[in-house]
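Laboratory data are not the source of any read-out in this text; all were calculated from the coordinates shown. Since the model is a prediction, treat every value here as computed from it, not as a measurement. All Cβ positions, even for glycine, are placed from backbone atoms using ideal geometry, and neighbour counts span all protein chains on display.
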């Protein structure tokens, strides 16, 4: 069992020796520090992960360290705080102090995430890895939804992280928007720095009570309208400069509810949500992008609430209830990534609380735009908090979206796994006249596959090939990649793959669809590059897609903005139709009564065993002998959790329930 804080302090000297030995043995396994970057940022099919899990531990604060450096001969273990956390990206290790029959010991535990930040890593490192390298701003500026959640026990550094990210976003957002506009809409009459209009909302949630932080004291309503859109009545303020945005965020944050607790003198007692909306003034009819930062209230154990007042205890209860609702939604959303295309029905219960309802755009499986989420689990460095840290990491790490398909060895070589030498060898065999040293000076196969077609062909021409030869070499490279992935894909996945899902279309399949869906468009102008495959076009925002369509008409055809929006909706409708086909089948069965949810099996069991008191409780009412027994109340059924097959026997069970 875990040790209390008092027991840890009493055995600090012995625990210090155990932790030192544990650190030495753990560090030997991770001699070379891993670079601070996401270890896996895309799926095997090239689609960027929509749920990223990050772990972070803070350093000891100045007030937590001894006032003076212990002198020689002093009890150093008692003077300095003990740390129970060790980070080797992407793994976070805990040493949990426990009490066993043979005395005090530590139990090592390890948790793997997409990235792990240690106490030496700065807020700038977090911003670079989770915002810049993940392309979060590009997703939002393209009309998608980006979300960052900070979770952890009170006092673990959540507000410190989110506040720093808010200020960095404030300083970068407008320049990033201007750069995006200049790159994606170069021929627009509107100046790049005026293309996006920025609006800000900020509110806090405690239970079902929502309060506006931009208009203190005002109660906010969060509700779902008849078409499924979430309406939030919080005040929306337009901003046009980085300084105005920074000042507004600082002022709103000062109105947030805080209270002193046993763990933190300024503990946040509510969930704080910042919503930044970016409207594309060039295409105002398209969906605006949304960037959401959520600073969750700190989770608390019963021991943390031991000395709380009644009001504080009730707040803690509401906080934990809403965090459990959030857990269910994030876990279900991550499961979508794990089981992509397996045809299973999945429900995300975002209506369970005001917090998850406000975040519907992040969780909604039927949304017609892209979304990305990063959830940062914060843990305290203190050894006395490792039991709570263990709960936090056990709660969070399952959200990490990992492919559940068994790895297979492909008989076709995959260029993504090639070294620089292997790529050069293949290129020289495929095209003997190419100068491989100029084509790939140092890049690996994976780096070469990340080049766009234009960049690849330019390298080929610089290396002695013609443009036609360069295009042929590029196509040969991608044919190898596709063949390797198809060969390595399990048979079950090949069968389950929905042929009508645009996200899986090849370059030619997408052109065929455009020709059929919009005969007035020139498919070669809609998809001018081989890079324009299903998942790359699905990553476009609505405005960028419409902008391309406006200039893709056949000779003599006039294409309007409405034509572009209509085609964009058709594409997303086909995607949702494919992805949610299993969901619709289940809903149809429920509608016509052919879907069995287990009640019929239970009622048949009761009918088969009318005298079995393992099923019927002592208060259950039964009909006279010879009549079919039926329960009168739910309380009449005992809850032993035994399996039906053990109660009935295998033959009887299969005879009565095989059709289910």
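Quick one: order 319, 115 by neighbouring beta-carbon count within 10 Å, fewest to most.
On the way: 319 24, 115 27.
Neighbour counts put them in this order, fewest first: 319, 115.
Annotation: for a label point projected 7 angstrom from Cα along Cα→Cβ of residue 244, residues of the stretch 189-227 with backbone N closer than 14 Å are 194-201.
Quick check on the exposure proxy: order 205, 230 from fewest to most C-beta atoms within 10 angstrom. Kindly include the intermediate steps, with their values, before the conclusion.
Working: 205 25, 230 15.
Ascending Cβ contact count within 10 Å gives the list 230, 205.
What's the ranking of 232-239, 173-180 by average number of surrounding C-beta atoms within 10 Å, highest first? Could you put the intermediate results ahead of the total?
Working: 232-239: 16.2, 173-180: 18.0.
Packing order, densest peptide first, comes out as 173-180, 232-239.
Need one number: the % of Cα-Cα pairs in the stretch 135-214 sitting beyond the 14 Å mark. Looking at the stretch 135-214, the distances longer than 14 Å represent 73 percent of pairs. Remark on the stretch 415-488: hydrodynamic radius 12.1 angstrom, per the Kirkwood mean of 1/r across alpha carbon pairs.
Length gain on complete extension for the stretch residue 120 to residue 573, per 0.36 nm per residue less the alpha carbon to alpha carbon distance? Please report the intermediate quantities before stating the final value.
On the way: separation 453, 0.36 × 453 = 163.08 nm, distance 4.61 nm.
Computed gain between residue 120 and residue 573 is 158.5 nm.
Subtracting the Cα-Cα distance of residue 171 and residue 37 from their residue separation scaled by 0.36 nm leaves 46.0 nm. The Kirkwood hydrodynamic radius of the stretch 498-587, based on inverse pair distances between different Cα atoms, is 13.4 Å. Each label point was placed 7 Å from the Cα along the Cα-to-Cβ direction; for residue 558 and residue 255 their separation is 4.9 nm. In plain terms, the chain from residue 230 to residue 10 could stretch by 73.9 nm, reckoned as 0.36 nm per residue minus the Cα-Cα distance.
So what is the relative contact order of the stretch 122-271, in percent, for Cα pairs below 8 Å that sit 6 or more residues apart? Don't skip to the end; give the middle numbers.
Details: 165 pairs, mean separation 29.6, N = 150.
Normalised by residue count, the contact order of the stretch 122-271 is 20 percent.
Here the spin labels are modelled as points 7 Å beyond Cα on the Cα-Cβ line, and at residue 429 and residue 187 they lie 4.4 nm apart.
Annotation: peptides 326-333, 188-195, ranked by per-residue average of other Cβ atoms within 10 Å with the highest first, follow the order 326-333, 188-195.
Could you tell me what % of all Cα pairs in the stretch 92-168 have separations over 16 Å?
Values: 1912 of 2926 pairs.
Counting every Cα pair in the stretch 92-168, those more than 16 Å apart make up 65 percent.
Would you mind classifying the stretch 66-219 by shape? Square roots of the alpha carbon gyration tensor eigenvalues, ordered a ≥ b ≥ c; an a/c under 1.5 is rounded, otherwise it is prolate if a/b is larger than b/c and oblate if not.
Numbers: a/c = 2.60, a/b = 2.08, b/c = 1.25.
In terms of gyration-tensor shape, prolate.
Among 452, 353, the order by Cβ neighbours within 10 angstrom, fewest to most, reads 452, 353.
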